[in-house]
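Report on one structure; see the data block that follows.
The values are calculated or read from the model by the stated rules, or taken from the named source; none is laboratory data. Keep in mind the model is a prediction, meaning the values are calculated, not measured. Glycine gets a Cβ as well: all are built from the backbone with ideal geometry, and neighbour counts include every protein chain shown. Only protein heavy atoms, including side chains, enter the accessible area calculation; ligands, DNA and RNA are left aside. Shrake-Rupley method; radii C 1.70, N 1.55, O 1.52, S 1.80 Å.
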Amino acid sequence: MPDLPPPLRQLQAEFALSTGQLAAIAALFRREMAAGLEGRTSSLAMLPSYLTCPTGLEQGAYLALDFGGTNVRALLVELLGDGRYRVLGRRSAPLADPEGAYDFTAGAARDLFGFLAAQLADLAEGEGPYFLGHSFSFPCRQTGVNSASLIQWTKEIKTAGVEGQDLTALLTAALQRRGLDHIRPVALLNDSVSTLIAAAYREPRTDIGSICGTGHNTCYLEPAPPWGRQPMYINIEAGNFAKVDGNSYDALVDQASEKPGAARLEKMCSGRYIGELFRLVLQDLTGRGLLFAGAPASPELFRPSDGADLALILGDESPELEQIALWLDDRGQAGRHSLDDRSALRSAASLIAIRSARLVAATYAGVLQHLDPAVHRDHAIAVDGSLYEKMPGYARVIGLTLAELLGDRAGRVRVYLTKDGSGVGAAVAAATVSR
Ligand code: GLC
C-alpha cells in the first residue's frame, strides 16, 4: 500500500503479513489438517461428510434448504444431468427480522426449525415425495450422510436446544408438525461441502470448496479418508484454525464474542467479524486524536458495521471519496471530515480486507500441500460467499497471494466463484443419496 500517512503506518504493521509468515501459516495449516485426520489434538476438526464426488449425471427435482448464518434459503432445483440445473422455485428469509419482529438466532430450537419448515412448504405443493438436501453452515458430528448433530454454534448464533442434537430429527419433527410428511430429508451437509459438490457437478476437477462470507470455512476431497475406502469430502472447519497470531484488535473481538478462544481465524477473516474489527480500529484512531483533526467523534460513528460497510468504503474510487463522505454523514459526522480522514478510512478498511484474503489464501496453500505437495496436478477451488463475490479486490488478492506462495505452480490452481453453490449442492447431494 503506497505512502500511508503516519497514523496508519502503525496500523499497517499490525495487519501486514509477510510472505514468510504466510508460508509458515500454510505449513501449520497442513500440519493441523494431518493431526485432525489422525484424531490427534488439532484446532481443525476435519469432519467426515460421508459424501463423495457427484457424477454430473444426477437428474430430477430435489428440494434444498440452505441454512446459513444470516439467511435461510429454500430451493426447488431440477437437475438436468450433464452438470446442468434449473431453479424451479426459491424462498429466502432473514433469520432475524431487520424490523425486530422475530429473531431465530437467539430463540428456541422448536421455533427455529418451524421457521425452516415453513420456508419449504410453498415449494412442495405436489404430492411428492420430495427428497431434501439440507446445507447447514455449522460444525456437525456426522455418523452418516443424514445423521448429524451440531457440535457447537459459531458466528454468534445462540438458539437454545440445538447444540448436541440430531438436526435431521429436529427438522423432520418440524415438518411433521406442519403436515409436510411428503418432504423427506435425505442428506445433511456443511455449506462448504455443498458448494464443492455444486461445483464438482459442473466441473469434476474441482477438489476444494470454500466459503468467504458471514463465516469462513474450507473443505476438500480427501483421497484416503480414515472412515472408508472411497474418497470423501472433509469439512475442515477452517475458521477454527488457531495457529495464527492476532493483533490487539483481534483480541478485543475475541473477548467480546459468544465463544472467546474459538474460531480464531474466522474472527480475523469473515464478514461476521471484519466490520467489528473496522469499528474498533476507527474507535482507536479517533480516541488517539488521529482522525477528524483530533476532535471527538459522534457516538453514531461507532455503530456496528459489517462486511457490506467495508465493501462500500473500498468500492469508493471517486477523487473526493464521496461514498465514504455519505457514510460518515450518515453516522453523525457531517461537516466534520476531511479528504485525509476519508482516505484514512479507506486505507484501514483495505488493510483489514487484504489481511483476510491473504490469510484465506495461505490456508488454501496448506490444503494444496496436503493434497499434492509439489502441485503436480491441476486443482480448482470453488468459493461462495459475500466477501469473495462483493468485496472489491478480495478475489484478486487471493489469486496474487497464491502466486506469491506457489510461484509458477500457481498456474495449476484455479479459484472461481460458485454462486448459489450451497443450495444447488444440497440438491445434488440429495440426488446422489437417493439415486
Ligand atoms: C462457520 C461454520 C462453518 C461454516 C462457515 C461458513 O465457520 O462453523 O461450518 O461452513 O461458517 O458458513
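Considering only helices (runs of 4 or more DSSP H) fully contained in segment 339-435, which possess at least 1 residues that are in contact with a Leu (Cβ under 9 Å, 6 or more places away or on another chain) and under 19 Å from L277 (Cβ atoms)? Lay out the reasoning, then the answer.
Numbers: elements: 339-371, 386-390, 394-406, 421-434.
Ranges flagged: 339-371, 386-390, 394-406.
Considering only residues that are of a type in the set (S, T, N, Q) and more than 16 Å from the chain's Cα centre (by Cα), which ones fall in segment 350-367?
First, pick out the residues of segment 350-367 that are of a type in the set (S, T, N, Q): 350, 356, 363.
The one that is of a type in the set (S, T, N, Q) and more than 16 Å from the chain's Cα centre (by Cα): S350.
Could you list all residues from segment 43-95 that are out of contact with any strand residue (DSSP E or B) (no Cβ under 7 Å at 6 or more places or on another chain) and among the hydrophobic types (A, V, I, L, M, F, W, C)?
To start, the set of residues in segment 43-95 that are out of contact with any strand residue (DSSP E or B) (no Cβ under 7 Å at 6 or more places or on another chain) comprises 43-45, 54-56, 68-69, 82-84.
Result: L44, A45.
Among the numbered conditions (1) open to solvent by less than 40 Å² (accessible area, probe 1.4 Å); (2) touching a Gly at 6+ places or on another chain (Cβ under 7 Å); (3) modelled with pLDDT under 95; (4) not polar (S, T, N, Q), tell me where G81 comes up short.
(2)
Filtering segment 119-130 down to residues that are open to solvent by 30 Å² or more (accessible area, probe 1.4 Å) and not hydroxyl-bearing (S, T, Y), which residue is farthest from G423 (Cα to Cα)? Full working, then the answer.
Filtering segment 119-130 down to residues open to solvent by 30 Å² or more (accessible area, probe 1.4 Å) leaves 122, 125-130.
Next cut, not hydroxyl-bearing (S, T, Y) only: 122, 125-129.
Details: D122: 16, E125: 19, G126: 20, E127: 22, G128: 19, P129: 19 Å.
Per the stated criteria, the residue is E127.
Any chance segment 33-51 includes a residue that's part of a helix (DSSP H, G or I), modelled with pLDDT of 95 or more and over 14 Å from V367 (Cβ atoms)?
Step one: list which residues in segment 33-51 are part of a helix (DSSP H, G or I), which gives 33-37.
Restricting the remaining residues to those that are modelled with pLDDT of 95 or more gives 33-37.
Subset that is over 14 Å from V367 (Cβ atoms): 35.
Checked segment 33-51: at least one residue is part of a helix (DSSP H, G or I), modelled with pLDDT of 95 or more and over 14 Å from V367 (Cβ atoms).
Out of the residues in segment 313-323 that are touching a residue at least 12 places away in the same chain (Cβ under 8 Å) and assigned to a helix (DSSP H, G or I), state the one that is most open to solvent (accessible area, probe 1.4 Å). Before the answer, list the steps.
Residues of segment 313-323 touching a residue at least 12 places away in the same chain (Cβ under 8 Å): 313-316, 320-321.
Restricting the remaining residues to those that are assigned to a helix (DSSP H, G or I) gives 313-315.
Details: I313: 0, L314: 17, G315: 44 Å².
Of everything passing the filter in segment 313-323, G315 is most open to solvent (accessible area, probe 1.4 Å).
When segment 178-197 is examined, which residues are found to be assigned to a loop (DSSP other than H, G, I, E, B) and either within 16 Å of the ligand (Cβ to nearest atom) or in contact (Cβ under 8 Å) with a residue 12 or more places away in the chain (or both)? Let's see the steps before the verdict.
Step one: of segment 178-197, the residues assigned to a loop (DSSP other than H, G, I, E, B) are 178-182, 190.
Scanning segment 178-197 gives R178, L180, H182, N190.
Table: residues versus (1) more than 15 Å from Y220 (Cβ to Cβ); (2) touching a residue at least 12 places away in the same chain (Cβ under 8 Å); (3) open to solvent by 60 Å² or more (accessible area, probe 1.4 Å).
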residue	(1), (2), (3)
V383	no, yes, no
S386	yes, yes, no
K390	yes, yes, yes
A395	yes, yes, no
L406	yes, yes, no
G411	yes, no, yes
G421	no, yes, no
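In segment 226-244, how many are modelled with pLDDT of 95 or more, more than 16 Å from the ligand (Cβ to nearest atom) and touching a helix residue (DSSP H, G or I) at 6+ places or on another chain (Cβ under 9 Å)?
Keep residues of segment 226-244 that are modelled with pLDDT of 95 or more, which gives 231-244.
Still in the list and also more than 16 Å from the ligand (Cβ to nearest atom): 231-232, 243.
Narrowing the set further to residues that are touching a helix residue (DSSP H, G or I) at 6+ places or on another chain (Cβ under 9 Å) leaves 243.
Total meeting the criteria: 1.
Is it true that K243 is part of a helix (DSSP H, G or I) and under 28 Å from P392 (Cα atoms)? Walk me through it before giving the result.
Working: part of a helix (DSSP H, G or I): no; under 28 Å from P392 (Cα atoms): yes.
It is false that K243 is part of a helix (DSSP H, G or I) and under 28 Å from P392 (Cα atoms).
Being within 22 Å of D166 (Cβ to Cβ), part of a loop (DSSP other than H, G, I, E, B) and either away from the ligand (no atom under 16 Å from the Cβ) or in contact (Cβ under 8 Å) with a residue 60 or more places away in the chain (or both) is the filter here, so list the residues in segment 96-123 that pass it.
F104, A106, G107
Any residue at all in segment 126-133 that is within 23 Å of the chain's Cα centre (by Cα), within 12 Å of the ligand (Cβ to nearest atom) and part of a strand (DSSP E or B)? Write out each step before concluding.
First, pick out the residues of segment 126-133 that are within 23 Å of the chain's Cα centre (by Cα): 132-133.
Those left that are additionally within 12 Å of the ligand (Cβ to nearest atom): none.
Within segment 126-133, not a single residue is within 23 Å of the chain's Cα centre (by Cα), within 12 Å of the ligand (Cβ to nearest atom) and part of a strand (DSSP E or B).
Taking only segment 324-337 into account, find how many residues are in contact (Cβ under 8 Å) with a residue 24 or more places away in the chain and open to solvent by less than 50 Å² (accessible area, probe 1.4 Å).
So the answer is 5.
Can A251 be described as closer than 25 Å to G68 by Cα and either away from the ligand (no atom under 16 Å from the Cβ) or crowded, with 16+ Cβ neighbours inside 10 Å (or both)? Quick ask: steps written out before the conclusion?
Values: closer than 25 Å to G68 by Cα: no; either away from the ligand (no atom under 16 Å from the Cβ) or crowded, with 16+ Cβ neighbours inside 10 Å (or both): yes.
No, not satisfied.
Do we find a residue being assigned to a helix (DSSP H, G or I), free of Cβ contacts under 8 Å to residues at least 40 places away in the same chain and under 30 Å from S43 (Cα atoms) anywhere in segment 299-312?
Within segment 299-312, not a single residue is assigned to a helix (DSSP H, G or I), free of Cβ contacts under 8 Å to residues at least 40 places away in the same chain and under 30 Å from S43 (Cα atoms).
Exactly one condition in (1) touching a residue at least 40 places away in the same chain (Cβ under 8 Å); (2) in a loop (DSSP other than H, G, I, E, B); (3) more than 16 Å from the ligand (Cβ to nearest atom) is false for W153; which is it?
Condition (3) is where W153 drops out.
Quick check on segment 157-173: of everything there that is buried (at least 16 other Cβ atoms within 10 Å of the Cβ) and more than 19 Å from L120 (Cα to Cα), which residue is farthest from the ligand (Cβ to nearest atom)?
D166
Within segment 1-56, can you find the residues that are open to solvent by less than 20 Å² (accessible area, probe 1.4 Å) and under 16 Å from I352 (Cα atoms)?
L4, L8, L11, F15, L22
Which of the residues that make up segment 181-200 are closer than 18 Å to S149 by Cα and within 20 Å of the chain's Cα centre (by Cα)?
The answer is L188, L189, N190, D191, S192, V193, S194.
Name every residue in segment 209-225 that is more than 13 Å from the ligand (Cβ to nearest atom) and either part of a loop (DSSP other than H, G, I, E, B) or open to solvent by 40 Å² or more (accessible area, probe 1.4 Å) (or both), in order of residue number.
P223, A224, P225
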